[in-house]
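K.L.:
Mind having a look at this structure? Questions to follow.
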Amino acid sequence: MGELKGKVVLVTGAGRGIGRAIAYEFAKEGAEVIINYRKSEEKAKSLVEEIGKIGGKAHLAKFDVANLEEIKEKIKEIEKEIGNIHILVNNAGIVKDTLFLRMKEEDWDEVIKTNLYSVFYVTQAVLPMMIKERWGRIINISSVVAFTGNPGQTNYAAAKAGIIGFSKALALEVASRNITVNVIAPGYIETDMTAGLPEKVKEAFLQQIPLRRTGLPEEVAYLACFLASEKASYITGCVFHVNGGLYRS
């Protein structure tokens with residue numbers, strides 16, 4: 001407990017799923033958490049209450065991670081009211097699944113913008129604070145799909161693969177300022193995004209996972225907290241798989 005006391009963390013898409021678990025775990029470790037959301041307002045508010053119950057401190061930050069102007073405005077507001085952001089977790093993401101030949105341009109654009117452009121937008125807005133502090137942690141959430149592919153997800157796979165290249169390059173640029181950049185690539189995790197899958201699809205997934213179970217959002221959150229801590233200060237430009245053995249590299 002208290003590993004991240006005194007640090008301010010921004011988690012995008014923190015209203016539900018993996019982002020919610022990450023935000024809660026950071027709060028347990030003593031960080032002051034900024035919960036970004038776009039639509040999940042009630043869930044975001046309930047998370048603030050949950051964090052308050054364990055003696056943590058959390059703030060709501062409603063903005064669209066695909067809207068550059070909204071991001072700039074909100075980050076300036078955060079800097080003025082709360083202070084510098086020390087840790088950034090780029091977690092927000094959406095899916096618009098369909099076979100490639102049926103994919104509409106708007107389905108491609110929306111997924112690429114929300115899942116990949118957002119990482120560029122939010123990171124560029126927050127990075128000057130980390131440079132000023134000469135300390136920072138950037139943790140980007142990718143996906144096993146970036147490595148394996150998945151039918152009907154050319155847009156999602158492209159965005160999540162792009163995050164990996166982005167992170168490796170940025171890690172080299174900012175290492176001299178004591179800022180690390182790493183990627184977590186979750187596999188089949190129990191979230192709202194996977195809950196709607198047909199049972200036959202779920203069973204097929206489980207047959208491919210050596211551990212024969214789905215992952216929990218908390219299992220991703222534990223790794224995110226470690227990567228943000230001083231214990232991980234010599235780790236940067238790396239990709240970490242949390243997938244039960246589904247993909248190994």
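Taken together, the values in this text are just the output of simple stated rules run on the coordinates, not laboratory data. Predicted model, so just to flag it, every value in this text is computed and none were measured. All Cβ positions, glycine included, derive from the backbone under ideal geometry; neighbour counts span all protein chains shown.
K.L.:
What do you reckon, is A228 crowded, with 19+ Cβ neighbours inside 10 Å, touching a Lys or Arg at 6+ places or on another chain (Cβ under 8 Å) and within 30 Å of L4 (Cα to Cα)? Write out each step before concluding.
P.N.:
Values: crowded, with 19+ Cβ neighbours inside 10 Å: yes; touching a Lys or Arg at 6+ places or on another chain (Cβ under 8 Å): yes; within 30 Å of L4 (Cα to Cα): yes.
The answer is yes for A228.
K.L.:
Condition first: charged (D, E, K, R), in contact with a helix residue (DSSP H, G or I) (Cβ under 6 Å, 6 or more places away or on another chain) and in contact (Cβ under 8 Å) with a residue 40 or more places away in the chain. Can you find one or more residues in region 74-94 that meet it?
P.N.:
Kept after step one, since they are charged (D, E, K, R), are these residues of region 74-94: 74, 76-77, 79-81.
This time we only want the ones that are in contact with a helix residue (DSSP H, G or I) (Cβ under 6 Å, 6 or more places away or on another chain), so: none.
No, that holds for no residue.
K.L.:
Look at region 1-19 and say how many of its residues are crowded, with 24+ Cβ neighbours inside 10 Å, under 15 Å from K62 (Cβ atoms) and of a type outside the set (S, T, Y).
P.N.:
Residues that pass the stated criteria total 6.
K.L.:
Here's something else I'd like to know. Quick one: in region 172-203, which of the residues that are of a type in the set (G, A, S) and not in a helix (DSSP H, G or I) is surrounded by the fewest Cβ atoms within 10 Å (Cβ to Cβ)? Break it down into steps so the answer makes sense when it comes.
P.N.:
Pass one, region 172-203, residues of a type in the set (G, A, S): 175-176, 185, 187, 195-196.
Then drop every residue that is not not in a helix (DSSP H, G or I), which leaves 185, 187, 196.
Details: A185: 25, G187: 23, G196: 7.
Restricting to residues being of a type in the set (G, A, S) and not in a helix (DSSP H, G or I), the top hit is G196.
K.L.:
Could you list, in sequence order, the residues of region 204-222 that are over 20 Å from the mean Cα position of the chain (by Cα), in a loop (DSSP other than H, G, I, E, B) and aliphatic (A, V, I, L, M)?
P.N.:
Within region 204-222, the first condition is being over 20 Å from the mean Cα position of the chain (by Cα), and the residues that meet it are 204-213.
With in a loop (DSSP other than H, G, I, E, B) added as a condition, the list becomes 209-213.
Hits for region 204-222 are I209, L211.
K.L.:
Quick check, is G152 in contact with an Asp or Glu (Cβ under 7 Å, 6 or more places away or on another chain), more than 27 Å from V126 (Cβ to Cβ) and either in a loop (DSSP other than H, G, I, E, B) or charged (D, E, K, R) (or both)?
P.N.:
Numbers: in contact with an Asp or Glu (Cβ under 7 Å, 6 or more places away or on another chain): yes; more than 27 Å from V126 (Cβ to Cβ): yes; either in a loop (DSSP other than H, G, I, E, B) or charged (D, E, K, R) (or both): yes.
It is true that G152 is in contact with an Asp or Glu (Cβ under 7 Å, 6 or more places away or on another chain), more than 27 Å from V126 (Cβ to Cβ) and either in a loop (DSSP other than H, G, I, E, B) or charged (D, E, K, R) (or both).
K.L.:
Take the conditions surrounded by 18 or more Cβ atoms within 10 Å (Cβ to Cβ), in contact with a Phe, Trp or Tyr (Cβ under 7 Å, 6 or more places away or on another chain) and closer than 24 Å to S233 by Cβ and apply them to E25. Does it pass?
P.N.:
Yes, satisfied.
K.L.:
Here is a list: A159, A169, A146, A125. Which entry is surrounded by fewer than 18 Cβ atoms within 10 Å (Cβ to Cβ), assigned to a helix (DSSP H, G or I) and either touching a strand residue (DSSP E or B) at 6+ places or on another chain (Cβ under 9 Å) or among the hydrophobic types (A, V, I, L, M, F, W, C) (or both)?
P.N.:
On the way: A159 fails: surrounded by fewer than 18 Cβ atoms within 10 Å (Cβ to Cβ); A146 fails: surrounded by fewer than 18 Cβ atoms within 10 Å (Cβ to Cβ); A125 fails: surrounded by fewer than 18 Cβ atoms within 10 Å (Cβ to Cβ).
Answer to the check: A169.
K.L.:
Also, quick follow-up: Anything in region 204-225 that is loosely packed, with under 12 Cβ neighbours inside 10 Å and of a type in the set (G, A, S)? List them, or say none. Lay out the reasoning, then the answer.
P.N.:
Just the residues of region 204-225 that are loosely packed, with under 12 Cβ neighbours inside 10 Å, to begin with: 204, 207, 210, 212-213.
Correct list: A204 only.
K.L.:
Quick one: which residue in K104, K80, K74, K62 is charged (D, E, K, R) and crowded, with 19+ Cβ neighbours inside 10 Å?
P.N.:
Numbers: K104 fails: crowded, with 19+ Cβ neighbours inside 10 Å; K80 fails: crowded, with 19+ Cβ neighbours inside 10 Å; K62 fails: crowded, with 19+ Cβ neighbours inside 10 Å.
Only one candidate passes the filter, namely K74.
K.L.:
Working carefully through the options A175, A171, A195, find the one that is within 19 Å of L10 (Cα to Cα) and aliphatic (A, V, I, L, M). Break it down stepwise before answering.
P.N.:
Working: A175 fails: within 19 Å of L10 (Cα to Cα); A195 fails: within 19 Å of L10 (Cα to Cα).
Of the residues listed, the single one that is within 19 Å of L10 (Cα to Cα) and aliphatic (A, V, I, L, M) is A171.
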